[in-house]
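The values are calculated or read from the model by the stated rules, or taken from the named source; none is laboratory data. All of these numbers come straight from a predicted model, not from anything done at the bench. As a convention, Cβ positions derive from the backbone with ideal geometry for all residues, glycine included, and neighbour counts pool all protein chains shown.
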Amino acid sequence: MNIKLVVVIIFLIGRIGVLDAEDNFIFPAPMERTDINQKFIIDSNTYLVVPNKGDKGFQDIAVLLQEEIKRYCGVELKIKEEKGIGGSKGAILLGLLPDSKLIERNIVAVKINPVKKLEGYVLYVDKNIALVGGADVRGVYYGVLTLLQRIYKDSNVYIAGTKIRDWPHFEYRAMRLSLPRGKPRKGETDKSYFKNFLRALSFFKMNYAMIEGFPWAVPLKKRPGLNWHDPLTLEEVKEINAYGNKYFLKMCPTIASAPAAWAVRFYPQLIEVAEGEDPQNLKTWGYRKGKEANRQNLCPSNEESYKLLFDIYDEMTGMFNGDVVNIGIDEVHHEGAGSRWAVCDRCKNKDPVKLFADFVNRLSRYIIKKGKTPIINSTVLIKEHGGYFKDLYKAADLIRKDVIISNWSETHIRHGKGSGKVEGFKSTEYFKNKGFKKIIHLVSAGANWNDREELKEVRGKLDAYGVVVAHYSGMNFETLNNNGTLRELIFSAENIWSPDLPAMGSEDEKKQLGYAYTMLREILLNNKMFMEAIEVGRAKQQNPAGKGKGAEFH
């Protein structure tokens, strides 16, 4: 089926002049770009046109553009429906091709080859016309975000001339985010900060927010005993979900199904332990010796384990409406940290591999029946990482192939010891050979993917489904900064959209990332709108010796 081309065409009336010198910052960098030495003036005659005011996607884009331009230059653009427009002069048109003959005619006139890849777009601006055409509604949105970065001021407000064809290299572009509590404690961030983080992700053209917060922040009704103190209200969670949707983020829950240490306090009877072991006081060894166990598993042969997980799945997917759910399944091999498998009376006579595969498949099947795709982590599906534990790596052949694999194993394996080391190991290739179609790569604190060699060695141009940025601390800005996650977010956002543009390690890249880092601070800490953050980012790079952080990115 052909994807309809969604197009935003901008015709603006105003004085036309010669383009003044501008910076060249667009973040993330477009795939194909040629600047045109012309400019198109924005004035009070400009108005916005949408196919139908009832179309929420187009309406959200139009309102965003309307609000940004008004804050930037004081011009308030009216929003009209296409059916009432006789011509295109003075209009910003949002519509679909080939449905709109008016838009189609102008596309042909400027001789642009459309981008048909999902979430792609074309942006064209000269002295007579500005046009944004998307492969879908998200493509239009991302094109408008690029357009905002081509708006400048001199004696007029104008859009700098350019011709851009752009699309994301990776389809899945995500970050794992920790929800705030309803009543934040000292040093914790609040709901306002979290919403600003969602805006920042959206501006960087990320499309998935993987939401953590169970059990400390979400208000579970079926299992209220699992809630920690001061969770968000259901209304607050719905507000956050709707806010992310407004900025074209798919809001998706992350639920630790295995290990499931969160269940120990209230459901000790469901924890997998050998005879004589206390689930609340498991002996630990190795790196966890003498510390509290934190890798306990639910018994996979107890129906109550599934009832518990399914209750949580029901509530979490009811709160967040994205199309994937990360169900965990990670690090169940950490026996020294409390993980047990196939040792209780119900399980000890069963094949641990089949038991594990059946467990994963049953959880996945439940998620798929909800119309969503499960994500599972890769750790024990590779022998050289954690799969040596009870030969669980063999389960990779038995697990259904329509799940998404989240991987972070290759660097550990390449630099492992003894039989755990495989030089040049490629996890994407490994899982594709197992029959899995979609593999994503988890990147964590560690600047510039130096700890993710499979991505780094091909400069991001990996044939995989996507990348997710993770962190293992609270959402406090400076905490994230200190462990590298904000820098990892910026570097990843750049290179999962347009890998190696600018070239990794180049001076252009440092300036580009410094520009983005400044914008991120302005959005998060100063609650700035996009155009306001863009202005500060530009100024900081033009005056890198000025006060404040973000002038350089190393």
Report summary line: The lone condition Ile440 fails out of (1) in contact with a helix residue (DSSP H, G or I) (Cβ under 9 Å, 6 or more places away or on another chain); (2) buried (at least 22 other Cβ atoms within 10 Å of the Cβ) is (1)
Query raised in the report: From the residues in region 172-190 that are under 18 Å from Met316 (Cα atoms) and without any contact (Cβ under 8 Å) to a residue 60 or more places away in the chain, which one is surrounded by the most Cβ atoms within 10 Å (Cβ to Cβ)?
Result: Arg181
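Going through Ala516, Ala539, Ala533 one at a time, which residue ends up being at pLDDT 90 or above, small (Gly, Ala, Ser), within 23 Å of the chain's Cα centre (by Cα) and farther than 21 Å from Asp166 by Cα?
Values: Ala516 fails: farther than 21 Å from Asp166 by Cα; Ala539 fails: within 23 Å of the chain's Cα centre (by Cα).
Being at pLDDT 90 or above, small (Gly, Ala, Ser), within 23 Å of the chain's Cα centre (by Cα) and farther than 21 Å from Asp166 by Cα holds for just one of Ala516, Ala539, Ala533, which is Ala533.
Table: residues versus (1) touching a strand residue (DSSP E or B) at 6+ places or on another chain (Cβ under 6 Å); (2) under 30 Å from Met31 (Cα atoms); (3) not hydroxyl-bearing (Ser, Thr, Tyr).
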{"residue": "Gly418", "(1), (2), (3)": "no, no, yes"}
{"residue": "Lys421", "(1), (2), (3)": "no, no, yes"}
{"residue": "Ile440", "(1), (2), (3)": "yes, yes, yes"}
{"residue": "Tyr465", "(1), (2), (3)": "yes, yes, no"}
{"residue": "Val469", "(1), (2), (3)": "yes, yes, yes"}
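Report those strands (runs of 3 or more DSSP E) wholly inside region 5-52 carrying at least 3 residues which are modelled with pLDDT under 75 and in contact with a Pro (Cβ under 9 Å, 6 or more places away or on another chain). Give the derivation first.
Details: elements: 5-10, 32-42, 47-50.
The strands (runs of 3 or more DSSP E) meeting that bar number zero.
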Report summary line: Over region 303-349, the set of residues under 25 Å from Glu235 (Cβ atoms) and of a type in the set (Val, Ile, Thr) is Ile312, Thr317, Val324, Val325
Query raised in the report: What residue, of Gly133, Gly120, is of a type outside the set (Ser, Thr, Tyr), in contact with an Asp or Glu (Cβ under 7 Å, 6 or more places away or on another chain), assigned by TED's automatic domain parsing to the domain that holds Gln66 and crowded, with 17+ Cβ neighbours inside 10 Å?
Result: Gly120
Query raised in the report: Across region 320-364, what is the number of residues that are at pLDDT 95 or above, part of a loop (DSSP other than H, G, I, E, B), among the β-branched types (Val, Ile, Thr) and crowded, with 20+ Cβ neighbours inside 10 Å?
Result: 1
Query raised in the report: Is region 253-260 home to any residue that is touching an Asp or Glu at 6+ places or on another chain (Cβ under 9 Å), in contact (Cβ under 8 Å) with a residue 40 or more places away in the chain and either part of a helix (DSSP H, G or I) or farther than 21 Å from Gly328 by Cβ (or both)?
Result: no
**Report entry** Search result, residues across region 527-543 that are in contact with an Asp or Glu (Cβ under 8 Å, 6 or more places away or on another chain) and either at positive phi or part of a helix (DSSP H, G or I) (or both)
**Finding:** Phe530, Met531, Glu532, Ala533, Val536, Gly537, Arg538, Gln541, Gln542
Query raised in the report: Is it the case that some residue within region 421-431 is under 24 Å from Ala337 (Cα atoms) and modelled with pLDDT of 95 or more?
Result: no
Query - Qualifying positions in region 63-81 - at pLDDT below 90 and closer than 16 Å to Leu131 by Cα - result: none
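Can you pull out every residue in region 394-409 that is of a type in the set (Gly, Ala, Ser) and either in a loop (DSSP other than H, G, I, E, B) or at pLDDT below 95 (or both)? So that I can check it myself, show each step before the final result.
We begin by selecting, within region 394-409, every residue of a type in the set (Gly, Ala, Ser); these are 395-396, 406, 409.
Passing the criteria: only Ser409.
Restricting attention to region 192-215, which residues are of a type in the set (Gly, Ala, Ser) and either surrounded by 23 or more Cβ atoms within 10 Å (Cβ to Cβ) or closer than 22 Å to Val137 by Cβ (or both)? Spell out how you get there, then give the answer.
At the first step, the residues of region 192-215 found to be of a type in the set (Gly, Ala, Ser) are 192, 200, 202, 209, 213.
Passing the criteria: Ala200, Ser202, Ala209, Gly213.
Does at least one position in region 267-274 carry a residue that is assigned to a helix (DSSP H, G or I) and either of a type in the set (S, T, N, Q) or at pLDDT below 95 (or both)? Don't jump to the end; show me each part of the working.
Step one: of region 267-274, the residues assigned to a helix (DSSP H, G or I) are 268-270.
Narrowing the set further to residues that are either of a type in the set (S, T, N, Q) or at pLDDT below 95 (or both) leaves 269.
Scanning region 267-274, I find at least one residue that is assigned to a helix (DSSP H, G or I) and either of a type in the set (S, T, N, Q) or at pLDDT below 95 (or both), so the answer is yes.
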Report summary line: Counting only residues in region 265-285 that are out of contact with any helix residue (DSSP H, G or I) (no Cβ under 9 Å at 6 or more places or on another chain) and hydrophobic (A, V, I, L, M, F, W, C), the one surrounded by the fewest Cβ atoms within 10 Å (Cβ to Cβ) is identified as Ala274
**Report entry** Pick from region 365-388, criterion surrounded by 22 or more Cβ atoms within 10 Å (Cβ to Cβ) and part of a loop (DSSP other than H, G, I, E, B), ranking: nearest to the chain's Cα centre (by Cα)
**Finding:** Ser378
Query raised in the report: List pairs: first in region 475-494 and more than 15 Å from Leu177 (Cβ to Cβ) and part of a helix (DSSP H, G or I), second at pLDDT below 70 and not hydroxyl-bearing (Ser, Thr, Tyr), Cβ under 8 Å, 6+ apart or cross-chain?
Result: Arg487/Ala447; Arg487/Asn481; Arg487/Phe553; Ile490/Phe553; Phe491/Ala447
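Name the one entry in Gly416, Gly435 that is modelled with pLDDT under 95, surrounded by fewer than 22 Cβ atoms within 10 Å (Cβ to Cβ) and not aliphatic (A, V, I, L, M). Walk me through it before giving the result.
Values: Gly435 fails: modelled with pLDDT under 95.
Checking each option against the conditions leaves just Gly416.
For region 213-231, indicate whether the set of residues that are free of Cβ contacts under 8 Å to residues at least 12 places away in the same chain and either under 26 Å from the mean Cα position of the chain (by Cα) or farther than 29 Å from Ser301 by Cβ (or both) is non-empty.
no
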Requested in this report: Determine whether Glu423 is crowded, with 18+ Cβ neighbours inside 10 Å and charged (D, E, K, R).
Outcome: no
